[in-house]
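Working notes, beginning with the structure itself.
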Amino acid sequence: MALVKMAKVLIVCHRSQAADLLEQLQQAGIVEILDAQRAMVSRQAPELQAESRRPRDIEETHTRLERAVGFLRPYRQAKRSLFEPLPRIDGGRYAELVSGENALDVLNETEQLSARMDRLANECDATQATLDTLRPWEGLATPVEEIGRLHRVTCWTGLIPSQHVAQASAKLTELGATLQQVGTAGSRQACLIVALNERAEEVHKALRSVEYEAVSFEGMQGTVAELIAHHRQRLDRSRRELEQQKARAAQLAGDLLKLEILDDHYRNVLSRETVRGSAPGTEQTVLLEGWVRAEDYAKLERIVGRFDAAGVGKIDVAEGEEKPVEIENTARSRPFEVITRLYGMPHSTDVDPTPFLAPFFALFFGICLTDAAYGIVMIAVLWWVLKKVKGDAKFIKMMIACSVTTVIAGALTGGWCGDAIQVFLPQLNGFRNAVMWFDPLEKPMHFFYISLALGYLQIIFAIGLAFWHKWKRGDRREAIFDHGTWFVWLNSLMLFGLAKAGVLPAGVGRLFGYVALVPALGIVLFSERQGSWGARIGMGCYNVFSTVFYVGDVLSYIRLMALGMVTAGFGMAVNSIVMQVMKLGVPGWILGIVIFVGGHVFNIANSCLSAFVHSMRLQFVEFFTKFLQGGGREFEPLRKEYRHIQVDRSSAD
């Protein structure tokens, strides 16, 4: 399919109606509106200025709602499954809720509750940390406030690593000080040290040498045992209160849907107001320059026509201005838009590659797996997932198509969970042989030649596609000298080579040997069309030499054979292990079943990942580069987006 045709439009609206008009445009979701920096009208009339204001109040409310939704979600009793559709909300209820006077009451209460729970959680952490500090000192009978009140001696309380306690005790004894072990804190000992005031400095130096860590009881009163009891009561009280608040959070989670509705609503309002604030205009008007699908222009006229102080018209595309790109395909190729979008949108002058890559990608994916049983398992699982998923299921549908080619490729090459039929079900060998074309392990060169042939076919197809697209656009010279000459040149060389290899008659080789001279001359003389004739011919000769690069591109497709062989080899290894384990009797049979299922499930997952990545790589590197410029900017209309809900469009929004 071709790229969707776009029309450049300019909407002029009085500021008093701008908000309502933008709401209607956002509801329709058909117009991409440019900000003042990108709009050509701003460049043509620099005196036009955007308001350049951010809707900070809406931003703040939206941020608060996001935090509140994230806070309450863990307390929701009915957890949503991965495949559960978003709740459908009647348009009337939606409008009533978002416009109600008390719409944000739940938000305010949620924020207050979150603040209380944060405070209680911090209290619990702080109290627990204090208990952890006090616990090693539980054997200290002296009230902690009296430790620092002595006049002639100085007391230290702290932790010393267990391996240094004896050394510390000996040093302190030499200094006339005393060390008493009070308790244990992991790998350290809680110690009380007493020394005369005149030896305090020396004692302090000695303590530093044994990795002493001081412990302070500042602000505390009573014995450590009393303090521990007090803090335990405080911790229990804080935990009980925290549990009560969690119970309240679970009750508030019943109103989580309201917050989710408000979150979606304010996100859309923020998007709309951001557009309004960044659009150029005058003191009384707003100029909305943008893009619309050509087929949607009539609908846009009807929407703007509802406002008596607004008008719309088509405008010319400025020189050098880049059009946004939107791709649209038939139901068969639409799932493969996933691959196109992963690469990036085509340029506005390109052809949409999706319908052309679709058969190649599906075929290459199947060849990389070449196991019919794996394909059947994938179809079953993906079909089940497809029935559960609500929303965009393009990727799932694409993988189902790839699974079908996997079944076909596997059946043609005799792959059924590796060699499971030969090993475990030899009675099915007749069926396997009846549908099998060849066994890659017995005839690997067949697989090799098929991979090369598919690579050559895709590359030649890409060159022909480039020729057709440029010819259709009217770029006849580029079509002929950049693509047509290469199409004839490469095919002539291929036929000449096949004749030399004895695949075709020698006469065919001689004929196409002469034919090849014509495109070769065209490449030498006209592939480079700028500069002096000497430079052009020199570059043309280099371009002829670059034919070897096409050989490298074709050889890149050998990865199809390599991945197919690896998948089969891993499956055979799993089956071999299972056969050995099953010789152990009943326990071996049970273990063998586990290994068989687990091994082949792993092989499916690993091989699917490899098949997807390498098939995609062939499209991006070998296929797209022959005809696709790329780098297009995706069409992004102003539209309402809902992350948490679905709004029934049959009702007023």
Residue pairs, Cβ under 7 Å, 6 or more apart or interchain, first in the range 58-71 and touching a residue at least 24 places away in the same chain (Cβ under 8 Å), second hydroxyl-bearing (Ser, Thr, Tyr) and assigned to a helix (DSSP H, G or I). List them.
Ile58/Tyr266; Thr61/Tyr266; His62/Tyr266; Leu65/Tyr266; Ala68/Thr110; Phe71/Thr110; Phe71/Ser114
Looking only at the range 191-242, which residues are among the β-branched types (Val, Ile, Thr) and assigned to a helix (DSSP H, G or I)?
Val203, Val224, Ile228
Answer residue from the range 337-354, given it is open to solvent by less than 10 Å² (accessible area, probe 1.4 Å) and assigned to a helix (DSSP H, G or I) and is nearest to Arg617 (Cα to Cα) among those:
Ile339
Look at the range 299-314 and say how many of its residues are hydrophobic (A, V, I, L, M, F, W, C) and surrounded by fewer than 13 Cβ atoms within 10 Å (Cβ to Cβ).
0
Looking only at residues in the range 49-92 that are touching a helix residue (DSSP H, G or I) at 6+ places or on another chain (Cβ under 9 Å), modelled with pLDDT of 85 or more and open to solvent by 80 Å² or more (accessible area, probe 1.4 Å), which one is nearest to His644 (Cα to Cα)?
Arg73
Taking only pairs six or more apart or across chains, which ones have beta-carbon atoms under 8 Å, a first residue in the range 495-517 that is free of Cβ contacts under 8 Å to residues at least 24 places away in the same chain, and a second residue that is of a type outside the set (Gly, Ala, Ser) and exposed (fewer than 12 other Cβ atoms within 10 Å of the Cβ)?
Ala499/Pro505
Taking the range 172-190 and the residues there that are touching a strand residue (DSSP E or B) at 6+ places or on another chain (Cβ under 9 Å) and assigned to a helix (DSSP H, G or I), the one that is surrounded by the fewest Cβ atoms within 10 Å (Cβ to Cβ) would be Thr173
So, in the range 396-451, of the ones that are farther than 19 Å from Met561 by Cβ and part of a loop (DSSP other than H, G, I, E, B), which residue ends up least open to solvent (accessible area, probe 1.4 Å)?
Cys417
Any idea which of (1) charged (D, E, K, R); (2) part of a strand (DSSP E or B); (3) farther than 26 Å from Lys299 by Cα is the one Arg67 doesn't satisfy?
(2)
Can you tell me which of Gln180, Gln128 is of a type in the set (S, T, N, Q), in contact (Cβ under 8 Å) with a residue 12 or more places away in the chain, touching a Leu at 6+ places or on another chain (Cβ under 7 Å) and within 30 Å of Ala253 (Cβ to Cβ)?
Gln128
Determine whether the range 500-511 contains at least one residue that is surrounded by 14 or more Cβ atoms within 10 Å (Cβ to Cβ), modelled with pLDDT under 90 and of a type in the set (Gly, Ala, Ser).
yes
Go through (1) among the hydrophobic types (A, V, I, L, M, F, W, C); (2) open to solvent by less than 20 Å² (accessible area, probe 1.4 Å); (3) closer than 13 Å to Ala39 by Cα; (4) part of a helix (DSSP H, G or I) and name the single condition Leu288 misses.
(4)
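The values are calculated or read from the model by the stated rules, or taken from the named source; none is laboratory data. Note that the structure is predicted; figures quoted are calculated from it, not measured. Counting neighbours? That spans all protein chains shown, and the Cβs are built from the backbone with ideal geometry, glycine included. Side chains included, ligands, DNA and RNA excluded: accessible areas come from the protein's heavy atoms. Shrake-Rupley method; radii C 1.70, N 1.55, O 1.52, S 1.80 Å.
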